[in-house]
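Structure, as structure tokens:
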Amino acid sequence: MSEHCLFCKIARGEIPSRKVYEDDEVFAFHDINPVAPVHFMLIPKRHLVSLLEADESHAALLGRMLTLAPKLAREQGLENGFRTVINSGRGGGQEVFHLHIHIIGGGNIPPMVKRS
Ligand code: 5GP
Ligand code: ZN
């Protein structure tokens, strides 16, 4: 837990969010600035900055999060598929420094990398 972390505050319910899912270990909520019709994030409740800080001790948690993602995506109507994005560190474009998996879908999802 990190006192001043935005996503810790959201997981604790101190800052309101549109909740998608919650259990003992994880919390999922809609992105405030969605890039597609469905865009929510899955986070661990325990503060973890990013994948750069993850080690073997986080393997079970990260596995749970990845296997939960398709279940939550289906519940949000993304039966045909979805994109997962994990920005890690400043070099990865991360803006909120509490690990989160973006789950994005609906509408037209373009290829990640445009090739000429
Ligand atoms: P990052 O760039 O760190 O991978 O993604 C951070 C995401 O958090 C962005 O997509 C941004 O829209 C979202 N975000 C930032 N502040 C808030 C907030 O207060 N509430 C919610 N629901 N999403 C937020
Ligand atoms: Zn946090």
Next item on the list: Could you please find all residues in region 1-55 being in contact with a His (Cβ under 8 Å, 6 or more places away or on another chain) and in a helix (DSSP H, G or I)?
Entry: LEU6, PHE7, CYS8
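The rows are residues; the columns are (1) within 16 Å of ligand 2 (Cβ to nearest atom); (2) surrounded by fewer than 18 Cβ atoms within 10 Å (Cβ to Cβ).
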position	(1), (2)
GLU3	yes, yes
ALA28	yes, no
ALA54	yes, yes
ALA60	no, yes
THR67	no, yes
Note to self: Name the residue that is nearest to ligand 1 (Cβ to nearest atom), counting only residues in region 13-32 that are touching a Lys or Arg at 6+ places or on another chain (Cβ under 8 Å) and farther than 17 Å from ILE86 by Cα.
What the structure shows: ILE15
Check: What tally of residues in region 89-108 results from selecting those that are more than 9 Å from ligand 1 (Cβ to nearest atom), in contact (Cβ under 8 Å) with a residue 24 or more places away in the chain and closer than 29 Å to CYS5 by Cβ?
Finding: 7
Next item on the list: Go through (1) surrounded by fewer than 19 Cβ atoms within 10 Å (Cβ to Cβ); (2) of a type in the set (A, V, I, L, M, F, W, C); (3) assigned to a loop (DSSP other than H, G, I, E, B) and name the single condition LEU78 misses.
Entry: (1)
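Here, each number is a calculation from the coordinates, and none is a lab measurement. A quick note: this is a predicted structure, and the numbers were derived from the prediction, not measured. So basically every Cβ, Gly included, is an ideal-geometry build from the backbone, and we count neighbours across all protein chains shown.
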